[in-house]
Amino acid sequence: NARASGIGGWAVFSSDMGQVAEHRQWIESELHAAFQRGDFDLHYQPQVDLLKGRIVGYEALLRWNHPERGAISPMEFVPIAEETGMIGPIGEWVLHKACEDARVLPENCFVAVNISPVQFMTKDFVRYVRSVLEKTGLDASRLELEVTETAMMQDKERAAAILRELSELGISVAVDDFGTGYSNLSYLMDFTFQKLKIDKSFVSRIEKDNGGAVVSTIVGLSRALGVHTIAEGVETEDQATLLRAAGCDVFQGYLYGKPAPLVIRDGEAIEVRRVAVH
Ligand code: C2E
Ligand code: MG
Ligand code: MG
Ligand code: MG
């Protein structure tokens, strides 16, 4: 609105911008209380390995359900939490909760946790991850961290060291949103990780123009690096067919299952077992 800009001549133009700024401010001021109150929850989305013919892992996705305003997307609040520092405690909670939840998931499945660049670069990140595994009793092989290439490129030497340490602990790393940030392929060669995750923006365009060729190129790059490829945002059978033809290993998307809360009965997650493997 006009108040937000303070310049009369911009009033009409900045009406939306003012609302965005207000909403932003509201999120910023609410985050702390929301966290204390326990508004946050994790949903899980299956990752399917077509060769193995089964679900191999679940990605933990953060959900904020505000008592009055309802669901607020992580795409809205995570960046703000990163700027304000709230991502620290929130991220720690996510990691701990996901590792705890993983114990009720099928034993041959891992849990994949999104790690903010801010968290990844925190001084004692690896030590913290190790302490969470110890506290929750989860085997390192059942934890995967999803880290964006942008996070890794900020301080390449440190990132390389952190990735090496994680790998030594037996924790696998997937490079999330691959191809959407700025990445330096020569550094990528020096980094230790186990998966490239093809961003859904590539998957959604796979049937158009050169989309298929682009995806094949990413799979080729994965192979050259000796890592697996996982595709996110797979919504249709046609996309899955093309991804399979391109040599993609693991699939995630609404076609296989939407993110859903864990439903635990008799110490086991039941809801997650229902997902159909195509
Ligand atoms: P991301 O890690 O790339 O997660 C994939 C997003 O795609 C998720 O959105 C997921 O719900 C959505 N998705 C999955 N399958 C499909 C599909 O078939 N079609 C479409 N259109 N979308 C699909 P979501 O849950 O809204 O999360 C958005 C982003 O927020 C995540 O992107 C991640 O960057 C961030 N985020 C979510 N949870 C956390 C968290 O615990 N910590 C941090 N640091 N970031 C998180
Ligand atoms: Mg992710
Ligand atoms: Mg992603
Ligand atoms: Mg993405």
Just the residues that are open to solvent by less than 40 Å² (accessible area, probe 1.4 Å), touching a helix residue (DSSP H, G or I) at 6+ places or on another chain (Cβ under 7 Å) and either within 16 Å of ligand 4 (Cβ to nearest atom) or more than 19 Å from Ala60 (Cβ to Cβ) (or both), please, taken from region 155-169. Ala159, Ala160, Ile162
Pro106 versus (1) at pLDDT 95 or above; (2) open to solvent by less than 60 Å² (accessible area, probe 1.4 Å): which is the lone unmet condition? (1)
Which residue out of Asp190, Asp266 is charged (D, E, K, R), under 30 Å from Glu157 (Cα atoms), open to solvent by 60 Å² or more (accessible area, probe 1.4 Å) and away from ligand 2 (no atom under 16 Å from the Cβ)? Asp190
Number of positions in region 51-72 that are open to solvent by 40 Å² or more (accessible area, probe 1.4 Å) and either outside any strand (DSSP E or B) or within 28 Å of Asp249 (Cα to Cα) (or both): 8
Pull up region 234-247, narrow it to residues that are open to solvent by less than 20 Å² (accessible area, probe 1.4 Å) and part of a loop (DSSP other than H, G, I, E, B), then point me to the one that is nearest to ligand 1 (Cβ to nearest atom). Val234
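The values are calculated or read from the model by the stated rules, or taken from the named source; none is laboratory data. On a predicted model such as this, the values are computed, not experimentally measured, just so you know. Here the Cβ is made from the backbone with ideal geometry for all residues, glycine too, and neighbour counts use every protein chain on show. With ligands, DNA and RNA removed, areas are computed over all heavy atoms of the protein, side chains included. Shrake-Rupley method; radii C 1.70, N 1.55, O 1.52, S 1.80 Å.
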